[in-house]
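For reference, the structure is listed below as structure tokens.
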């Protein structure tokens, strides 16, 4: 077994880390405070080729492997989760359904702009009454005279309402016991997007509620085979869990870095608090867990790149890194003491941003259900 990253992977890490520290870090607090979408940073991410990393070059992407993509997400999250989720949701949720299930015509129509980062895409799965029970979706799509007539709503959708969003792929009932996926272009009559939702964390990312009232799209906007939407979104979520796991690793690493730096400079009782065993033990535990989470995440990415089954490992990585990032952010804020409780402290932002990592892409409870099923424990 070789745990060394290739020169190419190390280059991805150093490139994204340098960008995050030089470009993202100076404005992250301001973007968070103003709840302002990072259009300029997205444009620069696009210039670096980071908005379409796993997309083949023939469609305008970088043709990178999953491990490279996970490393990039990790390094962005180490500095700021809002920028990271903008890139990750666009890639794993917005773009991948079209890449994986789209016809060649659909790929040629949508992927070049999405992979280049000129446009963003979103994925509409969650509904007001269907969160963890995603198969219980109530949005409908009825085929009439060569058009799908869509009615229903989606909620908590990332990237759906920015000025550069081109489309959302949604799940809809196309029959009594039939779920399919459809591409809905932004600007389609009957498709309404709410104002940005106010959130505890990820305040600079775009989160909206979507509604569809007799929204008509061409029959050709069906993504893949009719009735295959359930299997399609499960596959999308499996891949997306790797990127969310990478966010958990990145946030925990960022919390650890902040805590180490603060512990070395903060003095109490005549010496830096890093010299107190209680602080040392907290930091040691954080370092161990971050490394364990990183290996789980990288293994899931490696399995996917090898074309092997990875759903179990992705769920394990997502569950573990969600919980470890919670522990890391909490311990890091504790080390900061009262200063960590202040809004101007970077750790306070990481603390708020962390919680959604235990909810999005399947809650901790759902991950345990997925893991149990893959272990053969569910009859």
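The values are calculated or read from the model by the stated rules, or taken from the named source; none is laboratory data. As the structure is a computational prediction, the values presented were derived from the model and not from experiment. Backbone-built Cβ (ideal geometry, glycine too); neighbour counts: all protein chains shown.
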Open item on the list: Looking only at the range 180-192, filter to residues that are surrounded by fewer than 19 Cβ atoms within 10 Å (Cβ to Cβ) and part of a strand (DSSP E or B); which one of those is farthest from the chain's Cα centre (by Cα)?
Closed with: 192
- [ ] Just one of (1) surrounded by fewer than 19 Cβ atoms within 10 Å (Cβ to Cβ); (2) touching a strand residue (DSSP E or B) at 6+ places or on another chain (Cβ under 8 Å); (3) closer than 15 Å to residue 233 by Cα trips up residue 122, so point out which.
- [x] (1)
Task: Exclusive hit being crowded, with 17+ Cβ neighbours inside 10 Å, in the same structural domain as residue 365 (by TED's automatic domain parsing), farther than 19 Å from residue 69 by Cα and in contact with a strand residue (DSSP E or B) (Cβ under 9 Å, 6 or more places away or on another chain), set 273, 236, 335 - done: 273
Open item on the list: I'd like to know if the range 115-138 contains one or more residues that are at pLDDT 95 or above and assigned to a helix (DSSP H, G or I).
Closed with: yes
- [ ] Could you check how many residues of the range 20-30 are surrounded by fewer than 20 Cβ atoms within 10 Å (Cβ to Cβ) and in contact (Cβ under 8 Å) with a residue 40 or more places away in the chain?
- [x] 3
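Here is a yes/no grid of residues against (1) crowded, with 24+ Cβ neighbours inside 10 Å; (2) closer than 23 Å to residue 29 by Cα:
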residue	(1), (2)
46	no, yes
58	no, no
61	no, no
65	no, no
72	yes, yes
77	yes, yes
105	no, no
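Might you check whether a residue that is over 16 Å from the mean Cα position of the chain (by Cα) and outside any loop (DSSP other than H, G, I, E, B) occurs anywhere in the range 237-247?
Taking the range 237-247 as the starting set, the residues that turn out to be over 16 Å from the mean Cα position of the chain (by Cα) are none.
The answer is no; no qualifying residue exists.
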Task: Checklist (1) within 21 Å of residue 119 (Cβ to Cβ); (2) buried (at least 17 other Cβ atoms within 10 Å of the Cβ) applied to residue 172, failing item - done: (1)
Open item on the list: Please count how many residues of the range 118-143 are touching a residue at least 60 places away in the same chain (Cβ under 8 Å) and farther than 21 Å from residue 193 by Cα.
Closed with: 3
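Please go through the range 269-284 and give me each residue that is closer than 30 Å to residue 6 by Cβ and in contact (Cβ under 8 Å) with a residue 40 or more places away in the chain, ordered by number. Show your work before the answer.
Let us first name the residues in the range 269-284 that are closer than 30 Å to residue 6 by Cβ, namely 283-284.
Correct list: 283 only.
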- [ ] Please state which of the following conditions residue 201 fails to meet, knowing it meets all the rest: (1) on the phi > 0 side of the Ramachandran plot; (2) outside any strand (DSSP E or B).
- [x] (1)
Open item on the list: Just to be sure I understand the filter: pairs with C-beta atoms under 7 Å, separated by 6 or more residues or on different chains, first member in the range 212-224 and in a helix (DSSP H, G or I), second member surrounded by fewer than 18 Cβ atoms within 10 Å (Cβ to Cβ) and modelled with pLDDT of 95 or more. Which pairs pass?
Closed with: 219/143; 219/146; 219/147
Open item on the list: Let me spell it out: the conditions are (1) closer than 22 Å to residue 204 by Cα; (2) at pLDDT 95 or above; (3) surrounded by fewer than 20 Cβ atoms within 10 Å (Cβ to Cβ), and residue 343 meets all of them except one. Which number is the exception?
Closed with: (2)
Open item on the list: Just to be sure before I move on: is residue 85 in contact with a strand residue (DSSP E or B) (Cβ under 8 Å, 6 or more places away or on another chain) and crowded, with 23+ Cβ neighbours inside 10 Å in the structure I sent?
Closed with: yes
Open item on the list: Which of the helices (runs of 4 or more DSSP H) found entirely inside the range 274-379 contain at least 2 residues meeting this: closer than 21 Å to residue 253 by Cα?
Closed with: 277-305, 311-336, 346-354
